[in-house]
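Participant: Let me give you the structure first, and then I'll get to my questions.
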Amino acid sequence: MNHRSILRAVAGASLAAAAACAVSSYPTTVSRPAQDAPARFVRADSSAISGTPGSAACTSPIVDPRTSARLTMERATGGRGDYSAAAGAYGLRPGELLRVDCANGEPIGIVRG
């Protein structure tokens, strides 16, 4: 394989990677509000979630204080975390996650997974 062929292969791989990032960019937009979610989720030890809005570290798992349902963080950025929950919980459909504000545990809404 010559130098030009190697450069083409690297350029092609870089273009494919960039295209994949553009298609799956994060954060996705909230599609609708959550249904029957608590006002605030809590940490696994039942303590309140607190931090600096917009830059708080997200914790996992988090818990619904009313039902003890556990949610697991799938991804996070900018002080917001997207959490998986049991099918049907909070109005989630297959392939969806619940976005939560990591500074206070407030549900933000439902997003694509």
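Participant: For the pair residue 93 and residue 60, how long in nm is the line joining their label points, each one 7 Å along Cα→Cβ?
Facilitator: Distance between label points: 2.4 nm.
Participant: Also, I was wondering about something else. What are the trypsin sites (Lys or Arg not before Pro) within segment 46-83 that DSSP puts in a loop, where the Cβ has at most 14 other Cβ atoms within 10 Å?
Facilitator: Within segment 46-83, the qualifying trypsin sites (Lys or Arg not before Pro) (loop, at most 14 other Cβ atoms within 10 Å) are 66.
Participant: Given Cα pairs under 8 Å that are at least 6 residues apart, what percent is the relative contact order of segment 27-112?
Facilitator: Relative contact order of segment 27-112: 37 percent.
Participant: Please say if segment 25-102 is rounded, prolate or oblate, where rounded means a/c under 1.5 for a ≥ b ≥ c the square roots of the C-alpha gyration tensor eigenvalues, and otherwise the choice is prolate for a/b larger than b/c and oblate otherwise?
Facilitator: Since a/c reaches 1.5 but b/c is at least a/b, the shape of segment 25-102 is classed as oblate.
Participant: Farthest toward the dipole's positive end in segment 27-112, which of 69, 38, 92, given Cβ charges of +1 (Lys, Arg) and -1 (Asp, Glu) about the Cα centre?
Facilitator: 92
Participant: Ranked by Cβ crowding within 10 angstrom, fewest neighbours first, how are 62, 49, 108 ordered?
Facilitator: Ranking 62, 49, 108 by Cβ neighbours within 10 Å, fewest first, gives 108, 49, 62.
Participant: If Lys and Arg each add +1 and Asp and Glu each add -1, what is the summed charge of the other residues whose beta carbon sits under 14 Å from the beta carbon of residue 98?
Facilitator: +1
Participant: What order do you get for 100, 30 when you list them from fewest to most C-beta neighbours inside 10 Å?
Facilitator: Listed from fewest to most nearby Cβ atoms, that is 30, 100.
Participant: With r as the distance between the Cβ atoms of residue 112 and residue 35 and R0 = 22 Å, compute the FRET efficiency 1/(1 + (r/R0)^6) and round to 0.05.
Facilitator: In this case the efficiency is close to 0.85.
Participant: Whose amide H sits under 5 Å from the amide H of residue 108, counting only residues 5 or more places off or on another chain, with H placed in the peptide plane?
Facilitator: 99, 100, 101
Participant: Something else: Which of 101, 45, 36 comes first, and how do the rest follow, when ranked by fewest Cβ neighbours within 10 Å?
Facilitator: By the 10 Å Cβ count, ascending, the order reads 45, 36, 101.
No lab work stands behind these numbers, since they all come straight from the coordinates. Everything numeric in this text was worked out from a predicted model, so none of it was measured. Backbone-built Cβ (ideal geometry, glycine too); neighbour counts: all protein chains shown.
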